[in-house]
Amino acid sequence: MAKYFGERWLMVGILCALLLWGCESKRLQVVARVGNDAITLQDLENEMLKGRPFHVVETFSLAQKREFLRKMIDNRLQLLVAKEQRLEQRPEIAIQLQDLRKRIAYRAAIDNGVVLKTINEAEIRDFYSHSRVKVRARHILLKLPQNPTDEELQEAMDKANDIVKQLLTGADFSEIAKQYSEDKMTAKRGGDLGYVQWGSRDPEFQRVVFALQKFQISRPVRTSAGIEIIQVVDRQVLPQRPYELAREDIIRTLSRKKQGQLREAYRNYVAELKKTNNVNFLQANIDTLWTWLSSAKSDSARRAGFLNPNRQFDTLSAKDRQMVLVQYKRGEIKVDDFIKLVQKMSRFGNPKPIRHRRQIEQILNSELEFELLAAEGMRRGWDRQRKYRVRYNQLRDQILLDEIHKREVDQKVTITDKQLRDYYQANRDNYKTPPQMEVQEILVTKRDVAERVYSLAKRGSNFDKLAEQYNESLVTKAQRGRLGFITPESHGQISRVASKMKVGEIRGPIKIGPNFSIIKVLSRKEPHYRPFEEVKAMVRRDLHQELVQKRQQEWLAELRSRVPTRIFEDVLHHNMATDPKTN
């Protein structure tokens, strides 16, 4: 029976893969050409899957897929220009790409040297084979003490066996769960756990629940929660990506469950790399650097640098910057490298000054581990594995696209003061203030009180005194219910009502959730045009955005006219028309 179900699920997976994505030869079919450059179905599929789950992508209409393809064509056109201009050879781009190669090699070393040594291929495939099914289950839980004695364990098992006997003789699972289950959250729902997917529960629990047939009741099972009796009430087969596409997500899921093991494996791996690379922290030189930094507290010329991390190294000489802090087989880390690291860290968050010696060693150690792992990834050729080459190419292309966009679009958009003023005059309504109402509110929780307050206010009672006596809002009570000036959009229903009121008018009760409000408009500010100088920065932003979009479209039109492009509609339609939304 187990073999039958295993083969059945395998065939379902194979059929899904063939129907939804086509076989490998189809995925390599060319769906578009840009000059001499080809875009395959696999390229298109990979693009659509970026940041999107498989079940979302498989519902895309043909029109949506065609739009993705057009964007890919536009990117390829821009990359051709980047290639013509030899951007990769420019020093500033070459530095970025060198750093990118190291980051890819670093990631490859962690994956191959740590992750895949902790999570093996059989484990990944096992997760994949189970993840195509989800089951709806319910349970009855009998809790155990933290370290139960044999007697306590036997007592719980005996009770669980008695419950199973009742269920097998026809007792209603839901009612028995309400009576006996010690899981307070699910007992009142008849033990219902909802749908369970592989990897989301205790290992022993999921091993049992995924082996059960529909409506089958398990024997008592000991799990991390206690003793459980489980029943499956529904089983669903989910659409599933091919293994190659799902593998990385599965590894990430398993990694979250094995964080402790992965941290230990990482520490051991890095320790071995440090040993083989003869790492030597030059403590005397690190002490010298710390002595200099800590002396900033008493040196008035350096104190500003101590408080401002962007200036804390300003007075170091060129010779000081060449002092070596760490040595290893393939390189060294100097003070100058350390300074660049601190400055780089400052760009990615609030800059913090070096206040403790251990901060120096932490920064050095982090950089050393990065360098060692990146070098190991390159030495072993892990960075040349297909998935890392693909990732490198994607990130490289994005760097080139950003740079060519800056050169061909951003830098070619100039704005004069006359253009700004003309744009302001043509779009003045965009820089108009909304009407504002100064509102006072009395908020109460009971309708009868609200109606009494409204009646008193309409008969002329002092609104300030009514607010002092009746307003229950903790936020505005001290201000006698004054909300200040509000706009038609700022305060929901209060704003919508107040915007239609005259000065001095009172309305209510207004239902606000479970409460009631009585409001009075104290004064109004009518809409007005904000002066040009006040909104000049906003005008520049809006105009720049419009001109950039215009220049982008003009440039792409020019490229399309210069470089031949073609979409093979028959390939696109034939291989992607399996969705119900094809059009």
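The values are calculated or read from the model by the stated rules, or taken from the named source; none is laboratory data. This one's a predicted model, so the numbers in the text were calculated from it and none came from an experiment. For neighbour counting, all protein chains shown are included, and Cβ atoms are generated from backbone atoms with ideal geometry for every residue, glycine included.
Points to keep in mind about this one:
- Qualifying residue in the stretch 436-447 (condition: more than 30 Å from residue 115 (Cα to Cα), touching a strand residue (DSSP E or B) at 6+ places or on another chain (Cβ under 6 Å), surrounded by fewer than 13 Cβ atoms within 10 Å (Cβ to Cβ) and among the hydroxyl-bearing types (Ser, Thr, Tyr)): yes
- In the stretch 51-110, the residues that are touching an Asp or Glu at 6+ places or on another chain (Cβ under 6 Å) and among the basic types (Lys, Arg): 76
- Within the stretch 510-541, being more than 30 Å from residue 446 (Cα to Cα) and touching a residue at least 60 places away in the same chain (Cβ under 8 Å) holds for 525, 526, 527, 528, 529, 530, 532, 535, 536, 538, 539, 540.
- Of all the residues in the stretch 427-477, those that are assigned to a loop (DSSP other than H, G, I, E, B), out of contact with any Leu (no Cβ under 8 Å at 6 or more places or on another chain) and under 19 Å from residue 513 (Cα atoms) number 4.
- Members of the stretch 494-515 that are closer than 15 Å to residue 458 by Cβ and in a strand (DSSP E or B): 506, 507, 508, 509, 510
- Residue count for the stretch 115-166 satisfying the condition of being surrounded by fewer than 12 Cβ atoms within 10 Å (Cβ to Cβ) and either touching a residue at least 60 places away in the same chain (Cβ under 8 Å) or touching a His at 6+ places or on another chain (Cβ under 9 Å) (or both): 0.
- Complete set of residues in the stretch 508-539 that are hydroxyl-bearing (Ser, Thr, Tyr) and touching a Lys or Arg at 6+ places or on another chain (Cβ under 7 Å): 529
- Exactly one residue out of 395, 341, 400 is in a helix (DSSP H, G or I), of a type in the set (A, V, I, L, M), in contact with an Asp or Glu (Cβ under 9 Å, 6 or more places away or on another chain) and under 29 Å from residue 78 (Cβ atoms), and it is 400.
- Verdict on residue 281 being touching a strand residue (DSSP E or B) at 6+ places or on another chain (Cβ under 7 Å) and more than 30 Å from residue 153 (Cα to Cα): yes
- Candidates 170, 194, 199, 190 - the one that is under 24 Å from residue 253 (Cβ atoms), assigned by TED's automatic domain parsing to the domain that holds residue 142, modelled with pLDDT of 90 or more and not aliphatic (A, V, I, L, M): 194
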